[in-house]
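Enquirer: My questions will all concern the structure given below.
The values are calculated or read from the model by the stated rules, or taken from the named source; none is laboratory data. Computed from a prediction, not measured in an experiment: that's the story for all the values here. Backbone-built Cβ (ideal geometry, glycine too); neighbour counts: all protein chains shown.
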Amino acid sequence: MKNICLLITLLHLASTSSAQMKVILDTDPSYDPDDMGCMAMMHNMATNGECEILAIVNTMDQKESPLCISAVNFFYNRKAIPVGDYMGYPRKKDAPENSYDYHIARDYPRIHEKWEDINDGVKLYREILESAKNSSITIVIIGTMHNFYGLLKSEADEISDKTGIQLVGEKVALVSTMGGNFLNNKGYDRTNWGGSDHLCSYTDWSCLNEERNRMCRYVIDNCPAPFMASGWENGNGDYFNANNGNVITGQALKQLAEDHIIRKGYEWYFKYRGGEHDIRRHSNDQCALHYALRGEGENYQAFTDGRITLSDKGVCSWDNTVNRKQGHIQKKRDDELIAEEIEALMLGEVPE
Ligand SMILES: [Ca+2]
């Protein structure tokens, strides 16, 4: 597997002359382990020289979520990566035992000892964008829009004399997000963008969350940077009779050491959901990062230069007659082949 990973890396490096991408990851490690898979992938791609990780911020309302991020950075020997959290929740909760961040925060060393040591996510965004070159930053959002909404709403302050919208317009090359659903150009979001009225009978967490929906609609209507969505139909397209296939990864993590932080994250998730022997999971979050860092490649078709709309009921659509620099991706390759590439990127040596 190591040789295959190396070959893939060398082939990729040979085929690209673009400068290393500077990435901010906006995530919500808590219940679904695809965020852990995505962090593994990003750290390995940083080791391969494909990206530089500027910061990782959390949107989940659990105190252990940013501590879990700090532990992952520590594990991959990137202890200096700043970690941020959304500070606008009325109350931050303690993670329940059936969420993996509870265990990762309890069991693994990190720089940020307690939640109070974590940075304000919106301020962290502003600091990084203020000091960045124009159009140099890629933002990958695989949680909810809380931080990014806060950034767009932010006014000039001691960090920057620019508003959040000005900073994003000047400094951000691409926002790549996991959310929405564009299957047959009329899909229902399932959680990150606020879920949908239509899916209330499907699962509780898919049912419309008005705050998330409102924040996401503001982001879509006001984000001045190119904005690309990888909807539910890519990573986890087999739901509610959609029959669009799933990109399944995770089982190969069993090849890693038993105490490898990413493997343990998946195992903790499945320990409470059917047992830790089978740790295969959809790859929603990984698809958004995969596209952000490697582009369409053989895996995806990008529909760009249009306009996304999200209704207050959670219905997503895309219109190619108006160019708001927005778009979405669809799979153009077998699920198994995309999964193979993603899973190889989730494995990798921890750098010295
Ligand atoms: Ca996520």
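Enquirer: For region 146-162, enumerate the residues that are more than 23 Å from Thr27 (Cα to Cα) and out of contact with any Leu (no Cβ under 7 Å at 6 or more places or on another chain).
Expert: Across region 146-162, the qualifying residues are Glu155, Ala156, Asp157, Glu158, Ile159, Asp161, Lys162.
Enquirer: Also, I was wondering about something else. Does Lys331 meet the test of being of a type in the set (D, E, K, R), surrounded by fewer than 23 Cβ atoms within 10 Å (Cβ to Cβ) and either under 23 Å from Lys22 (Cα atoms) or within 21 Å of the chain's Cα centre (by Cα) (or both)?
Expert: Details: of a type in the set (D, E, K, R): yes; surrounded by fewer than 23 Cβ atoms within 10 Å (Cβ to Cβ): yes; either under 23 Å from Lys22 (Cα atoms) or within 21 Å of the chain's Cα centre (by Cα) (or both): yes.
Against the criterion (of a type in the set (D, E, K, R), surrounded by fewer than 23 Cβ atoms within 10 Å (Cβ to Cβ) and either under 23 Å from Lys22 (Cα atoms) or within 21 Å of the chain's Cα centre (by Cα) (or both)), Lys331 qualifies.
Enquirer: Restricting to region 132-178, give me the number of residues that are in a loop (DSSP other than H, G, I, E, B), touching a residue at least 60 places away in the same chain (Cβ under 8 Å) and away from the ligand (no atom under 16 Å from the Cβ).
Expert: So the answer is 2.
Enquirer: Next up: Limited to region 198-244, what total is found for residues that are of a type in the set (A, V, I, L, M, F, W, C), assigned to a helix (DSSP H, G or I), out of contact with any Ser or Thr (no Cβ under 8 Å at 6 or more places or on another chain) and more than 16 Å from Tyr188 (Cα to Cα)?
Expert: Residues that pass the stated criteria total 1.
Enquirer: Can you pull out every residue in region 314-335 that is more than 15 Å from Asn234 (Cα to Cα), assigned to a strand (DSSP E or B) and of a type in the set (A, V, I, L, M, F, W, C)?
Expert: Val315, Trp318
Enquirer: Six or more apart or on different chains, Cβ atoms under 7 Å: show the pairs whose first residue is in region 24-47 and at pLDDT below 95 and whose second is surrounded by 24 or more Cβ atoms within 10 Å (Cβ to Cβ) and of a type in the set (Phe, Trp, Tyr).
Expert: none
Enquirer: Okay, next question. Just to be sure, is Arg307 basic (Lys, Arg) and touching a Lys or Arg at 6+ places or on another chain (Cβ under 7 Å)?
Expert: Spelling it out, Arg307 is indeed basic (Lys, Arg) and touching a Lys or Arg at 6+ places or on another chain (Cβ under 7 Å).
Enquirer: What do you reckon, is Asp305 acidic (Asp, Glu), modelled with pLDDT of 95 or more and either buried (at least 19 other Cβ atoms within 10 Å of the Cβ) or part of a loop (DSSP other than H, G, I, E, B) (or both)?
Expert: Working: acidic (Asp, Glu): yes; modelled with pLDDT of 95 or more: yes; either buried (at least 19 other Cβ atoms within 10 Å of the Cβ) or part of a loop (DSSP other than H, G, I, E, B) (or both): no.
Answer is no for this residue.
Enquirer: Restricting to region 78-131, what's the tally of residues that are under 15 Å from Ile53 (Cα atoms), part of a loop (DSSP other than H, G, I, E, B) and not basic (Lys, Arg)?
Expert: Going through region 78-131 one residue at a time, the tally reaches 3.
Enquirer: On to the next question. Just for region 181-217: of the residues that are closer than 16 Å to Ile139 by Cβ and of a type outside the set (A, V, I, L, M), which one is farthest from the ligand (Cβ to nearest atom)?
Expert: Among those residues, the one meeting the criterion is Cys216.
Enquirer: I'd like the full set of residues that are in contact with a Gly (Cβ under 7 Å, 6 or more places away or on another chain) and assigned to a strand (DSSP E or B), limited to region 24-43.
Expert: Answer for region 24-43, where residues must be in contact with a Gly (Cβ under 7 Å, 6 or more places away or on another chain) and assigned to a strand (DSSP E or B): Asp26, Thr27.
Enquirer: Which residue is farthest from Phe182 (Cα to Cα), if the candidates are limited to region 232-278 and must be of a type in the set (Phe, Trp, Tyr) and surrounded by fewer than 18 Cβ atoms within 10 Å (Cβ to Cβ)?
Expert: Tyr272
Enquirer: Looking at region 287-305, I want the residues that are of a type in the set (D, E, K, R) and have a partner that is assigned to a loop (DSSP other than H, G, I, E, B) and surrounded by 19 or more Cβ atoms within 10 Å (Cβ to Cβ) with Cβ atoms under 9 Å, at least 6 apart or on another chain. Which pairs are those?
Expert: Arg294/Glu50
Enquirer: When only residues in region 45-67 that are assigned to a helix (DSSP H, G or I) and over 15 Å from the mean Cα position of the chain (by Cα) count, which is nearest to Pro90 (Cα to Cα)?
Expert: So in region 45-67, the residues assigned to a helix (DSSP H, G or I) come out as 45-47, 64-67.
If we keep only those that are over 15 Å from the mean Cα position of the chain (by Cα) as well, we get 46-47, 64, 67.
Numbers: Ala46: 35, Thr47: 38, Glu64: 16, Leu67: 19 Å.
Across region 45-67, the extreme among qualifying residues is Glu64.
Enquirer: Turning to a different aspect of this structure: Sort out which residues of region 104-123 are touching a residue at least 60 places away in the same chain (Cβ under 8 Å) and more than 21 Å from the chain's Cα centre (by Cα), and write them in order of number.
Expert: Correct list: Asp107, Tyr108.
Enquirer: Any residue at all in region 115-131 that is crowded, with 24+ Cβ neighbours inside 10 Å and within 16 Å of the ligand (Cβ to nearest atom)?
Expert: Yes, some residue in region 115-131 is crowded, with 24+ Cβ neighbours inside 10 Å and within 16 Å of the ligand (Cβ to nearest atom).
Enquirer: While we're on this one: Looking at Tyr269 and the list (1) within 16 Å of the ligand (Cβ to nearest atom); (2) closer than 16 Å to Glu343 by Cα; (3) not hydrophobic (A, V, I, L, M, F, W, C), which single condition is not satisfied?
Expert: So Tyr269 meets the others, but not (2).
Enquirer: Those residues that are under 17 Å from Leu347 (Cβ atoms) and near the ligand (Cβ under 9 Å from one of its atoms), I need them from region 36-70; list them, please.
Expert: Of everything in region 36-70, just one residue is under 17 Å from Leu347 (Cβ atoms) and near the ligand (Cβ under 9 Å from one of its atoms), namely Cys38.
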